[in-house]
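Trainee: One structure coming up, written as structure tokens, with questions to follow.
Just so it is clear, none of the values below were taken in a lab; they were calculated from the coordinates. Note that the structure is a prediction, hence the values are computed from the model and not measured. Note that each Cβ is placed from the backbone with ideal geometry, even for glycine, and that neighbours are counted across all protein chains shown.
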Amino acid sequence: MFEHIPVLVVGGGPAGLATAAELAHHGVRSLVVEPRQDVSWLRPRAKTTSARTMELFRRWGLAETVRARAALPVSWSDQAVFTTGLLNREITRFHGCFGLDLTGDDLVAEPGQQVSQPTIERVLREAVTGSISELRLGWSATALSEDPAGVTAVLSGPDGEAGTVRADYVVGADGAWSTVRAAIGAEYEGSADERPNFNIVFRAPGLAERVPHGPAVHYWVLHPEQPGLVGRLDLEDTWWCIAQGVTAEDGERDPLRIVRALVGADIDAEIIATDPWKAKLLLADRYGTDRVFLAGDAAHLNPPWGGHGFNTGIGDAVNLGWKLAAVLNGWAPTELLASYETERKPVAAQTIAEAARNMATLAPELTDERLAGTEAEFESIRPAVAAAVQRAKDGEFHSLDLVLGYSYRGSPLVIGEAGGRLPHRWLGPGDSLYDHLGDEFSLVGDLTEPIVAAFAEAAAAEGIPLKLVDHPATGLALVRPDQHVAWAGDDPRDPREVLRRAIGHPSPHLVATSHHAHLVTDKEVP
């Protein structure tokens with residue numbers, strides 16, 4: 001007898017764990033299989049969680065936990081500083097980076113947060129383990145077989161253990177070398193940047209006290225000998241750096257030399273870990289089948305410049321998770337699932353394009369020999385380099401139009417010009433409008449509007465969970481579980497048809513009238 005689970009999630013990185021968290025948020029069980037027993041602190045990977053991702057963590061009650069676990073408090077810094085070396089001359093700086101300065105701002109329910117990916121994974125592991133779902137460490141999926149009724153997965157565990165699971169749906173969040181992507185015949189399309197990069201994690205007691213530039217998210221080093229980036233992993237002695245243009249062979253030969261070149265002094269440092277890599281710009285040609293879907297790095301890979309990769313994966317998880325839950329909980333048709341690729345693939349493509357623009361100009365392209373020269377030579381070239389930096393890198397540090405502004409307009413689930421994230425408002429200290437939304441759909445606005453009763457009746461008739469949220473300060477809006485607007489009140493439509501469209505039912509032709517829409521169809525809507 002096969003073990004049965006509603007959703008099998010293959011891969012327990014951030015995207016896979018987030019998918020399980022989203023499913024649990026809607027009362028759906030999942031099994032997450034992840035080959036890594038432990039989360040390695042040696043490869044911090046993503047280091048900035050965006051304001052949008054923090055808002056999604058808030059939905060699960062995890063935002064405060066993430067901030068409490070983060071080694072760098074959100075108040076630490078929102079600066080990015082460009083220097084000739086960590087301990088040397090400052091060229092220019094950016095303020096308000098990555099939404100880290102938005103605490104209490106009406107724009108967001110949560111500001112961004114500096115936090116390493118291993119910390120995020122630890123928090124998500126705990127959340128999944130403490131939910132109705134199961135996290136099975138040391139296990140991976142080795143084979144999948146899909147049929148019209150479900151998916152059979154062969155699992156491999158520690159010490160030669162094996163098992164078979166029968167799932168209604170499978171989510172492949174198993175990274176760049178995805179077994180699930182290969183199993184469904186999907187392929188990456190795109191390119192790679194051949195310029196090498198070399199990451200180093202190091203410990204340097206007393207270094208922080210010597211930095212003359214104040215706290216910063218990270219410090220870009222524009223030095224002809226060794227361009228790159230340096231940043232803090234904690235408020236003690238642990239640092240990370242990225243040496244640009246350094247091959248694996250050169251990096252492994254003498255990593256301490258690289259650290260000293262980026263710092264700008266012959267410091268004593270302990271090398272903790274190294275990690276060579278090249279940036280990739282890849283997008284899966286398709287995001288799934290009827291019952292198997294890809295999320296996170298299994299679906300897309302983009303350069304880290306701008307910090308969007310991991311955050312895009314969390315967006316995938318929420319979009320796919322609520323839709324799978326709606327289908328499994330019986331209030332949405334299976335057609336809803338096709339909208340996952342329709343909505344998320346363009347977001348990934350946009351994100352990859354933005355990261356590619358950021359990658360076009362890195363530290364080697366911005367440096368100049370005179371920056372390392374005499375004080376007079378430095379001052380002669382500094383204004384021109386600073387201006388070039390500001391032109392080239394502003395979009396990398398100030399990307400809220402992408403982070404908060406992506407829209408599902410044009411999706412078959414969205415009516416008219418809707419599709420964006422519901423504009424945020426604080427209703428009182430610590431009291432976000434988002435906190436009042438339902439777990440499923442919400443109708444937000446002036447509840448005295450006559451159409452509100454029609455929406456409530458239609459939702460009850462269709463079996464669609466709908467919470468009414470009285471907020472007269474905003475226009476009437478139908479808000480999805482992912483906080484995106486499916487319909488805005490300035491677009492007069494029949495409430496029943498709006499709701500059916502929002503959960504994936506094919507839409508008959510609509511003709512707008514002065515208040516409601518007239519349904520033009522050959523038969524009654526079932």
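Trainee: Out of residues 5 or more away from VAL292 or on other chains, whose amide H comes under 5 Å of its own, with H placed 1.01 Å from N in the peptide plane?
Mentor: Residues meeting the amide H criterion: VAL170.
Trainee: Taking every pair of distinct Cα atoms and averaging 1/r, then inverting, what Kirkwood hydrodynamic radius in Å comes out for region 217-353?
Mentor: That comes to 17.9 Å for region 217-353.
Trainee: Okay, moving on. Would you mind getting me the FRET efficiency between ASP490 and ARG36? Use the beta-carbon distance for r and R0 = 45 Å, nearest 0.05. Don't jump to the answer; show the numbers that get you there.
Mentor: Working: r = 49 Å, r/R0 = 1.09.
Computed FRET efficiency for ASP490 and ARG36: 0.35.
Trainee: How long are the semi-axes of the ellipsoid equivalent to region 426-520, from square roots of 5 times the Cα gyration tensor eigenvalues, in whole Å, largest first?
Mentor: One finds semi-axes of 24, 14, 11 Å for region 426-520.
Trainee: A further question follows. Could you name the lysines whose alpha carbon sits less than 23 Å from that of LYS467, not counting residues in the same chain fewer than 8 places away?
Mentor: LYS323
Trainee: Report the normalised scattering of region 323-467 as log10 I(q)/I(0) at q = 0.14 Å⁻¹, calculated by the Debye formula with identical scatterers on the alpha carbons.
Mentor: Once normalised to I(0) and log-transformed, intensities are -0.89.
Trainee: If you average over every viewing direction, what projected area does the convex hull of the Cα atoms of the chain give, in nm²?
Mentor: On the way: hull surface 106.1 nm².
Computed as one quarter of the Cα hull surface, the answer is 26.5 nm².
Trainee: Taking neighbour counts of Cβ atoms within 10 Å as a proxy for exposure, in what order, fewest first, do GLU209, GLU252 appear? Show your work: numbers first, answer last.
Mentor: Numbers: GLU209 6, GLU252 12.
Exposure proxy ranking, most exposed first: GLU209, GLU252.
Trainee: Most exposed first by the Cβ proxy, i.e. fewest other Cβ within 10 Å, how do TRP239, TRP305 rank?
Mentor: Listed from fewest to most nearby Cβ atoms, that is TRP305, TRP239.
Trainee: Under 27 Å between alpha carbons, and skipping anything fewer than 8 positions from LYS280 in its own chain: which lysines qualify?
Mentor: Within the straight-line cut-off, LYS280 pairs with LYS47, LYS345, LYS393.
Trainee: How would you rank GLU375, GLU64, going from fewest to most other Cβ atoms within 10 Å of each one's own Cβ?
Mentor: Lowest count first: GLU375, GLU64.
Trainee: Can you tell me what percent of all Cα-Cα pairs in region 75-231 are more than 21 Å apart?
Mentor: Numbers: 8340 of 12246 pairs.
In whole percent, the share of Cα-Cα pairs in region 75-231 beyond 21 Å is 68.
Trainee: Could you work out the helix-only [θ] at 222 nm for the chain, with each DSSP H run of four or more residues adding -39,500 (n - 2.57) and the total divided by the number of residues, to the nearest 500 deg cm²/dmol?
Mentor: Taking each H run of at least 4 residues, the total per residue is -9000 deg cm²/dmol.
Trainee: Can you give me the Cα centroid spacing of region 381-413 and region 89-130 in angstrom?
Mentor: With region 381-413 and region 89-130 each reduced to a Cα centre, they are spaced 17 Å.
Trainee: What relative contact order, as a whole-number percentage, does the chain give when Cα pairs under 8 Å and 6 or more residues apart are counted?
Mentor: Value for the chain: 16 percent.
Trainee: What's the Kirkwood radius of region 1-118 in Å, using all Cα pairs?
Mentor: It is 16.6 Å.
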